[in-house]
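Heads up, the thing below is written out as structure tokens.
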Amino acid sequence: MTMHAKILASTLASCLAVPVALTGASLVLLAPAQADAAVSDATCRIHAVEATETGDGTIPKDLGFLKDQLEAPEFARYKSFRLLESKDFKLTLNTVVEERFKSGHSVKLSLLGGDKDKLELSTDLMRSGTSLVNMNFSMRSNQIVLIPVRRSDSMVIFAYQCKAG
Amino acid sequence: MSAESNTSNFALSEELSAYFDGELDAAAEAAMEAELEANPSLAEQLGDLSFMREIVAGDLELQAERVPEARFEQIWDSFERSLERESRLQEAAEAPPNLWERLLEWARPLRVPLAVVGTAAVVALVFAKSIQAPEPDQGPDAVASNTPEDAASDQPAADEASTPESEAPSLSTPSKAPQMAVAPNPDTKAEPEMFPQPEPGEAEIRHISFGGRTGTISQVEGTRGTTTVIWVTEDVPAQSERSL
């Protein structure tokens, strides 16, 4: 076999391998997209953050994921933030999960539907058995929704973050 | 007529036929010619033989003349087609290999490199898939949760003590007992690596009611985007309800 033939064969092999790799990659990348059907379960994490009007305004490291929101002008009145706790909710379709927080609040959360990227949820934030806010809403996966509950000079912020599965 | 005479006549007739066909050697031929001059009956037999040949040859030539010219051409065309078909079959049998056969022939010694390239492609796919999949153990953007220090220092909200419905265990034993009482389901413990850095975005509120309290819906503009905020005030006893 001549050198010319070897080069030609190697080139041919490369030309064949690239489409095969691209086709395989396309299948791999597109396969999850086909699974974006109606979601049947989801996981939500609700963070309870205490905000007070005294402090130097420093946002602690464990609240770094909320820094962008807590530095907004709407929260400028509050100078101190502290993560009280975080609770995870394992949700299945149309099943209410309730968790109680140390702040005295309790949260009911249920999954109403949606897909992998957007979840339909229902929540009831209560204190002492009384509903403070009850709402049905939709949010994208890993998006944040904040529910600050103000009481005199302090506030407890409930940050909802959910994802499918 | 005696048997000896019959045998001699038969032998002479055979020799005459051989002479007529030109099969005798020179000596026998000369002897036969001498015999023909001396034997008129034998010469007559030779004349009969000549006559018979003329009749047969003339009949064949006459039959050949009756065959039309077109028939010869058909026969010749048939010969030509047969020859061409045989020629094509011969050429096909001796044809050189086509392009694919030559490429395969070239690639045959390179089966190992081809297998290596294919394996590399598969490995690249697996690697790409592993990169695409989330890494639950090492999420750099993982959110924080209760650290041991947090658990030890977890306190109710500032006004917690003033609320009679608040949990008694959390007030009396603020170390670990409240955590167990508040979170009885081990599945609900926070797993910091589960959620990546949250993305800003507006939620769509389908329905909302502020039971016995006041509340507003707003959008907070951060540097990374807009976040939906539901403000609730517990201190105001008035009721408001709004449905979207």
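The values are calculated or read from the model by the stated rules, or taken from the named source; none is laboratory data. Because the structure is a prediction, the values reported are computed rather than measured. Cβ: placed from backbone, ideal geometry, glycine included. Neighbour counts: every protein chain shown. Ligands, DNA and RNA are excluded from the accessible area calculation, which covers all protein heavy atoms including side chains. Shrake-Rupley method; radii C 1.70, N 1.55, O 1.52, S 1.80 Å.
Amide H neighbours of residue B:213 under 5 Å, at least 5 residues apart or on other chains, H built in the peptide plane: list them.
Distant-sequence amide H within range of residue B:213: B:240.
Arrange the peptides B:86-93, A:37-44 so that the one whose residues have, on average, the most other Cβ atoms within 10 Å appears first.
By packing density, highest mean first, the sequence is A:37-44, B:86-93.
Compute the signed sum of charges (Lys and Arg +1, Asp and Glu -1) over the other residues within less than 11 Å, Cβ to Cβ, of residue A:136.
My count for the surroundings of residue A:136 gives -2.
Would you mind checking A:79/A:163; A:163/B:129; A:79/A:118; A:67/A:118; A:61/A:118; A:87/B:129 for any pair whose Cα atoms are more than 26 angstrom apart? Working shown, then result.
Working: A:79/A:163 30 Å; A:163/B:129 20 Å; A:79/A:118 33 Å; A:67/A:118 24 Å; A:61/A:118 28 Å; A:87/B:129 31 Å.
Table pairs above 26 Å Cα-Cα are A:79/A:163; A:79/A:118; A:61/A:118; A:87/B:129.
Short version: which residues of region A:74-100 lose at least 50 Å² of accessible area, all chains versus chain alone, 1.4 Å probe?
A:74, A:82, A:88, A:90, A:100
On the first, second and third principal axes, largest extent first, how far apart are the outermost C-alpha atoms of region B:13-95 in Å?
So the three principal-axis extents are 72, 33, 14 Å.
Bin all alpha-carbon pair distances of region A:66-129 at 10 Å intervals from 0 and give each bin's fraction as a whole percent.
Each 10 Å bin holds this share of Cα pairs: 17, 34, 37, 12.
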